[in-house]
Each structure stands twice: as structure tokens, then as C-alpha cells.
Amino acid sequence: MKYTDVAIPLGQVWSSPFAKWQGSLAEVSSIDLAVAVTSRALNDRRIDPSQIKGLVLGWTVPQPEIFYGAPTLAARLGTNGVSGPMVSQACATSVASLSVAAGAIMAGAGIQLVVATDRTSNGPTLSYPNPSNQGGAPISEHWMLDNFNRDPWAGNSMISAGEAVAKEAGITREQLDELTALRWEQYSRSLADDRSFQRRYMVPVEIPRKKGEPLVLEADEGVRPKELDSIGKLRPVLPDGVHTFAAQTHPADGCAGAIVTTVDNARELSGGEGVVRLLSAGFARVAKSRMPMAPVPAALSALEAANKDISDIAATTTHNPFAVNDVYFAAQTGVALDAMNIRGSSLIFGHPQGPTGLRSIAELVETLRERGGGLGLFTGCAAGDTGAALVIEVTD
């Protein structure tokens, strides 16, 4: 899927901090969070809401009044007369939302605002009528827990998919622990100098409350150290498995966003800072219960669409809910493990689902920006043994 004349103004892709599951944002609707974070992001970047011509809202966990999600969010942001599609593609939601926005730009629709927001905390329990059941008893589903624990087609859990890939690829517990410790060390670098790297793209959360001071979240919450000595002592999650709780991500709450427009308009909106050209995206699906393999064909598809090779890529970030993802990706592509995710990844900072990819794309942009530009690749897996990838170029 190749894009032409689509870009993000440099500095205009952002993310909130991520809050731990059942943490500070556990009782905040993801729509309210989106209003707070996006309003702050637009204001800080001096973006006039009246310039926005379309909204793409990405989410994966139902919230109260989500039926009206996109038009409600647009109205609350002051983008009068604007609406747009809502996108839900599990952990691939960020790339899918950017892809929808890119299509609108190529069709001449005007500036698009992409917002991805999710609250995995306090996920809803849904009740489905089933009159033919005994006594008419309904069927219930806990949106988060039931779907974490069972893929209805594959018939097993996501962690089982991670274990299956590790076994087939001959990936050991030691490799996963070493990768996890490396990702912790890389994330720690993003905290240096009073979090100067994170502050380049991170938008603090500030939400008014009925009583007392506003709810404020300025940095990631719930991130635990994952040093080799300590994680090596943990038991595997599954009997005879190789993944511990340290070697997989944790559910989280958060919001991310971006402005998508034409290259010339992006240059104007960036005030001379440069642009992030969206070159291509790729989507893929692999064999049943082999989800951690999917980032590889997704990345190769995106690279082929952009007419690029993996050797052309200057920086790579990944959504890696399991440590096996990155070990497998490195083995298949030749990308060095320490050259990926050099300032952190979802394995460490957590996974709110919809916005996770967009945060990693923001970190990819800032990594390339530090290096003076170049080509970047984001790739990650998603529920249903799927993957999504994006190729970008940071340039003048």
C-alpha cells in the first residue's frame, strides 16, 4: 500500500504517558482522555481546529457513548462540522487509522486529525440475548479478559502463540530474558536528562474533577525495572514455557494522535522544521496461533510497496507484546536487536492497544529527527495472527 504526497508536520505526532492497568486513568473514559490530550496537543502546537477537515478515531475497547465517538470528539475539540470514520483493528489500529487518513489526503479531503485512544482498565462485560438458552439466559463476555485468553479461531491464548513461535524457532528462555533486559535499558535512556527525549512528543494528561485538584499524569505509570538478574529468577507463565511476566507487556491506558496532510502543507504547518513523509503501509496474516511472526511479512510488504530494502532503514521500532517478537524479527531480517527500539517499546512502557503503535511511531520520528532524518520502519503484531507496518521518511 503505497502513499503519494502524504505527510505529518515534524513535531505533530504525539502521545500521552501510558498509565498502568487499573491505575490513575482507570475511571476516565477514553473519549474524555482523548479530548484532554488532543486539545492540549493542538494548543501546544498552535494548530487551529478550524483547519481540520476530517477526523479518524481509533479505539478497541467500548466506552460509554462510544456509538457517537467520532462526531462527539470532534465537537468537543472545536472542529465544528467535522466527523469521520472510527477504526478498530486490535493492536494494528494506529497503522490502520493512519492508512485511512492517508487515503483521505490522496483523495483531496484536506487536513486529517488521527486520534487513537483506549482504556483497557475496567473493560466492559457485554451481555448478548440468547432466548433459546435455558431459561433465556444471556451469553456474557468480558471484553478484555476473555479475548486475551482465547482467540476464537485459533482456540487458545495470546501467550500460547508466543510460546508456539519460540518453540518452532528454537528461541530460548535466556534469549528472551536478555532481550527483555535490553529493552529495559533502552527505555531507561529515554528517562535521561529529566525525560528530555520523551518530552519531545509526550503530552501530559490533565483532566478536571468534580471535587479537588485535576487528575494529572505527566510520565508513564506502572513501568517496572526489568534487569537481567531479577527477571532471571521469575517462573514462566505457562508450564514448560519460556515467557515470564517480565517477557510480556502489561495492559495500559493512553491516547496518541497526529496531523496528516500533504507534503507542502506539512512543511508550512511545521514552521520550517521538516516533514514526516508516509511512504507505505503493509498488513499481513500468518498461520493460526503464530501472531509474533506477523510483523515480519507486514514489514516486508510495506518495504516492497515503498520500493525499499531493510538495509535502507535507519531506525526501527516495534510493537512487541512478547519478547519473542523481536528475537524472531531479528533472526528473519538481520536487524540487530540493539538497533531496534533504542528508546523503549511496548514491552516496557505498556500496551493500551489502539494508541500503542502511534506512540512507537512518535518515538521513531524523534529518533530519526535526532539523527538528522532518514528512513524509518514501524512494525508490530495484532490479534488474529495479523501484523501491520509503516515506512516513513523524516526529511526537510
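Each value in this text was obtained by applying a stated rule to the coordinates, not by laboratory testing. Note that the coordinates shown come from a computational prediction; the quantities given were computed from them, not determined experimentally. Every residue, glycine as well, gets a Cβ built from its backbone with ideal geometry; the counts of neighbours run over all protein chains shown.
Remarks
- Residue tally, condition out of contact with any helix residue (DSSP H, G or I) (no Cβ under 7 Å at 6 or more places or on another chain), of a type in the set (A, V, I, L, M) and part of a strand (DSSP E or B), over the stretch 360-391: 1
- Residues within the stretch 108-136 that are of a type outside the set (S, T, N, Q) and over 23 Å from residue 203 (Cβ atoms), tallied: 11
- Selection over the stretch 277-321 of residues that are out of contact with any Lys or Arg (no Cβ under 9 Å at 6 or more places or on another chain) and outside any helix (DSSP H, G or I) gives a count of 18.
- Residue 354 being in a loop (DSSP other than H, G, I, E, B) and of a type outside the set (A, V, I, L, M, F, W, C): yes
- For the stretch 45-63, a tally of residues being surrounded by fewer than 22 Cβ atoms within 10 Å (Cβ to Cβ), among the hydroxyl-bearing types (Ser, Thr, Tyr) and within 18 Å of residue 99 (Cβ to Cβ) returns 0.
- Sole residue being surrounded by fewer than 24 Cβ atoms within 10 Å (Cβ to Cβ) and in contact (Cβ under 8 Å) with a residue 12 or more places away in the chain, chosen from 347, 337: 337
- Candidates 125, 120: the one that is among the polar types (S, T, N, Q) and crowded, with 22+ Cβ neighbours inside 10 Å is 120.
- Here residue 354 clears all of (1) surrounded by 19 or more Cβ atoms within 10 Å (Cβ to Cβ); (2) more than 16 Å from residue 162 (Cα to Cα); (3) of a type in the set (Gly, Ala, Ser); (4) in contact with a Leu (Cβ under 7 Å, 6 or more places away or on another chain) except the condition numbered (4).
- Taken over the stretch 80-115, residues that are surrounded by fewer than 24 Cβ atoms within 10 Å (Cβ to Cβ), in contact (Cβ under 8 Å) with a residue 12 or more places away in the chain and assigned to a loop (DSSP other than H, G, I, E, B) amount to 9.
- Scanning the stretch 101-150 for residues that are charged (D, E, K, R) and under 20 Å from the mean Cα position of the chain (by Cα) turns up 118, 119.
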